[in-house]
Amino acid sequence: MPTGWYVCSMAVTAREKLLDAALGVIRAQGYAGTSVDELCARAGVTKGAFFHHFRSKDALAVAAADHWSATTSALFAGADYHRHEDPLDRLIAYVDFRKDLIRGSIPEFTCLVGTMVQEAFGASDEIREACRRSIEGHAETLEADFAAALVRYNVRGATAKSLALYTQAALQGAFILAKAANDASVAIDCIGHLKTYVMLLFGRRDCSI
């Protein structure tokens with residue numbers, strides 16, 4: 001079982017095996033650098049099985065983005081940061097959780113949809129939209145906590161939606177810099193700065209959670 005923030009499901013069909021393979025191979029090699037033959041080899045299925053389930057590599061990419069969303073949604077829904085009563089404490093603990101997920105090799109903790117959309121946004125509207133749906137869908141899970149924190153701490157000049165999207169922009173940027181430097185510590189530092197920003201925005205000078 002791989003480390004990192006994606007945990008491979010117990011695939012029982014060729015389709016599920018291909019989707020799980022895509023999550024690993026595309027994060028390691030990029031979308032353009034991944035071939036159908038490589039996906040089939042990783043999944044242990046035939047090329048005929050691939051085209052039985054997916055009309056093209058692009059079609060698999062769209063399905064993989066949705067599979068990524070479903071898998072990671074379960075991870076975050078069950079995470080410990082939800083236990084805090086104060087919405088700001090939940091947000092700070094969320095950022096800490098994201099930092100704790102930086103382990104293993106760089107492909108193991110980086111984001112599938114963030115990787116794909118950088119390559120495919122101008123080439124495939126279907127892949128771009130699937131990646132947008134995944135990234136913004138996760139951001140939406142933070143909006144209620146940001147909205148409650150804005151009210152509780154009387155912070156003006158920002159919206160819950162914009163702050164939720166900003167957290168994702170900061171995280172995706174951290175992953176890009178880690179890839180560029182081939183150094184996971186860069187991502188850890190960037191996420192630390194994101195935590196500082198959230199704390200200072202809401203007037204929190206120290207954190208005891």
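Points to keep in mind about this one:
- Figure legend: label point modelled 7 angstrom from the Cα of A144 along Cα→Cβ; residues of region 97-137 with amide N under 17 Å from it are 137.
- Relative packing of peptides 140-147, 181-188 - highest average C-beta neighbours within 10 Å first: 140-147, 181-188
- Gained length - A74 relative to D86, 0.36 nm times residue gap less alpha-carbon distance: 2.1 nm
- Summarising the label geometry, the points placed 7 Å from Cα in the beta-carbon direction at R103 and E16 lie 2.5 nm from one another.
- Whether region 125-203 is rounded, prolate or oblate, judged on the alpha carbon gyration tensor where a/c under 1.5 counts as rounded: oblate
- Calculated from backbone phi, Karplus (6.51, -1.76, 1.60) coupling profile of region 159-173 in Hz, x at Gly/Pro: 10, 4, 5, 5, 5, 5, 5, 4, 4, 6, 4, 5, 5, 5, x
- Area of Y166 that stays accessible when all protein chains are in place (1.4 Å probe, Å², to 10): 100
- Solvent-accessible surface (1.4 angstrom probe) belonging to E126, in square angstrom, nearest 10: 100
- Per residue accessible area of region 97-209, 1.4 Å probe, in Å²: 51
- Sulfur and carbon atoms: percent of accessible area, the chain [1.4 Å]: 55
- In the assembled protein chains, E38 presents an accessible area of approximately 70 Å² (probe radius 1.4 Å).
- Compactness check for the chain: Cα Rg over 2.2 N^0.38 Å is 1.08.
- Residue-averaged 222 nm ellipticity for the chain, from DSSP H runs of 4+ at -39500 (n - 2.57), nearest 500: -23000 deg cm²/dmol
- Partners of K179 within straight-line reach, counting lysines whose Cα lies under 29 Å from its Cα and excluding those fewer than 8 residues away in the same chain: K17, K57, K99, K161, K195.
The values are calculated or read from the model by the stated rules, or taken from the named source; none is laboratory data. Fair warning: this is a prediction, and the values are worked out from it, not measured in the lab. Backbone-built Cβ (ideal geometry, glycine too); neighbour counts: all protein chains shown. Remember, those area values only see protein heavy atoms, side chains included, never the ligands or the DNA or RNA. Shrake-Rupley method; radii C 1.70, N 1.55, O 1.52, S 1.80 Å.
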